[in-house]
Each structure stands twice: as C-alpha cells, then as structure tokens.
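These notes are about the structure you will find just below.
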Amino acid sequence: MSDGAAGSHSGVERRGLMFVLSSPSGAGKTTLSRMLVEQMPGLQMSVSATTRPMRPGEVEGRDYYFVDRPKFDKMVGAGEFLEWANVFDNRYGTPRAPVEAALAAGRDVLFDIDWQGTQQLRSRAGSDVVSVFILPPSVQALEHRLHTRAQDSHEVIRGRMKKAGDEMSHFDAYDYIVVNDNIGVAFESVRSILRAEQLKRERQVGLDAFVRGMRQQLEG
Ligand code: 5GP
C-alpha cells in the first residue's frame, strides 16, 4: 500500500500492523474504534465471534458474529481463531482468516479485544502488534457511561464495574495509555499513535532500493 509513508511513487510498501485497543467497558473504546475506521484509510476492523447474546442495536457481522457455544468450540478446535478468551462468562474470539488476508494485502487491522487476547496476539505476532489501553478519567465517569449506554441490565452493569478494576490492572502490559476525558482529544491521541507507528522505518519495505535509486540519480 502506498499511503504516503515514503512517497507514493517510491515503490516503498508498508507492512500492515495489528492495532489493539483495550479498556474496561464504558471507557469509550467502541466509539474510538468506529472513529478510527471512518477516518483512517486502509484500516480494517476485526469482527470477533462471541457466545454472548446480541444487544439492542447490534448488527450480526458488523459488531460481532453471534454464535452458540458448540459452534464456538468447533471453531476453536478447527484452529479458526487467532486468539480467544473467556470474558464475563462468555467466549470471544478473533477469526484468523480475515486478519491474515488484510495483513498480507498491507492493510492495518484494528482489534477491540481484552488483555488476554492482547497477550496471545503479542506472543504470536510480536512487533507487528501495537497496543493501546484506554482508561476512564474516574470511576464516576465510568459508571455514568455504563448507565447512559443503558444496553445492559443493572446487575450486568454492577458486574462490569467490578470487573473494570481487574481489567485496569493489566494496563502495564500495553505500549500506550490514553485517558479518555474528552472523546475528541482521546481520538486525536489514538490517531497520532497509529500514524506514528505506520511511519516506523521497519514497517516500510523497500526503503533501501528507493534511497539507492535517488542517490544514483543524484550522482549520475
Ligand atoms: P462486549 O461484550 O462489551 O462487547 O465486550 C466485552 C469485552 O470482550 C471487551 O473488553 C472486548 O474488548 C472483549 N472482546 C471482544 N472481542 C474479543 C475477542 O475477539 N477476543 C478477546 N480476547 N476479547 C474480546
């Protein structure tokens, strides 16, 4: 893909990266993910499979692939997941094939997965993974967001508040931390991280030949 990294006429291609956003529920990660996909060309969202019930407003194939437990376990057995984990008593997994196809085509892939999945991706894909942890500005803000979202019952929200503490404790395994106090500012931070990571020298394939060619012309 020529995305202006080293210039679109250079023959320099870019190796796709795996961009992971994690956070406790209610920290704004889903909103940030949607904004990123809308505004960053060539960024593709990984759609996970889950055994949890569909929430109002969710769309099959856009938000998740909703599958039952036997189907999920069959997919695990067939090696169809790049990673999978139990989260809130349900199973969530990242289908392997679309991710591999996107990366092979030089596109970047965005993952909205928990810390367990991030760890598995990191151990499989190493430096191709860039991870960002989103923190809420306060417990009050987190609670407020979970209630205004109002997609879950009160018991579910209470459970999520409790689990938010556990999830947050894994912040130190991430490359970048963004506190989401203001969605516009947080988006700008996440977008800048992605852009800077795209421009890393080791992700730009063919730079040697590009620079050699220019030097030959300059010396010629
Ligand atoms: P929710 O049910 O609110 O959509 O998601 C609950 C949690 O599961 C979130 O923290 C989300 O990041 C995580 N999650 C969603 N998809 C996956 C996945 O494919 N793998 C893993 N490990 N976690 C996921």
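The values are calculated or read from the model by the stated rules, or taken from the named source; none is laboratory data. All figures in this text were calculated on a predicted structure; none of them were measured in a lab. Glycine also receives a Cβ, built like all others from the backbone with ideal geometry; neighbour counts cover every protein chain displayed. We work out accessible area using only protein heavy atoms, side chains counted, and drop any ligands, DNA or RNA first. Shrake-Rupley method; radii C 1.70, N 1.55, O 1.52, S 1.80 Å.
For the stretch 24-47, a tally of residues being within 10 Å of the ligand (Cβ to nearest atom) and under 11 Å from the mean Cα position of the chain (by Cα) returns 5. Scanning the stretch 65-97 for residues that are within 12 Å of the ligand (Cβ to nearest atom), farther than 16 Å from Gln120 by Cβ and either open to solvent by 40 Å² or more (accessible area, probe 1.4 Å) or among the acidic types (Asp, Glu) (or both) turns up Tyr65, Phe66, Phe88, Asp89. A search for C-beta distances below 7 Å between a residue of the stretch 28-51 that is hydroxyl-bearing (Ser, Thr, Tyr) and any residue that is assigned to a helix (DSSP H, G or I), counting only pairs 6+ apart in sequence or on different chains, returns Thr31/Ile183; Ser46/Pro98; Ser46/Val99; Thr51/Arg69; Thr51/Phe72.
On the basis of being more than 30 Å from Gly11 (Cα to Cα), open to solvent by less than 70 Å² (accessible area, probe 1.4 Å) and small (Gly, Ala, Ser), does Ser189 make the cut? The answer is no for Ser189.
Looking across Asp208, Asp172, one residue alone is of a type outside the set (Ser, Thr, Tyr), under 30 Å from Ser10 (Cα atoms) and loosely packed, with under 12 Cβ neighbours inside 10 Å. It is Asp208.
Looking across the stretch 52-64, the residues that are over 20 Å from Gln120 (Cα atoms) and either within 8 Å of the ligand (Cβ to nearest atom) or of a type in the set (Lys, Arg) (or both) come down to Arg52, Arg55, Arg62, Asp63.
Within the stretch 177-185, one or more residues are out of contact with any Ser or Thr (no Cβ under 7 Å at 6 or more places or on another chain), open to solvent by less than 70 Å² (accessible area, probe 1.4 Å) and either within 17 Å of Val87 (Cβ to Cβ) or outside any strand (DSSP E or B) (or both). If you go through the stretch 100-119 and pick out every residue that is at pLDDT 95 or above and more than 10 Å from the ligand (Cβ to nearest atom), you end up with 3.
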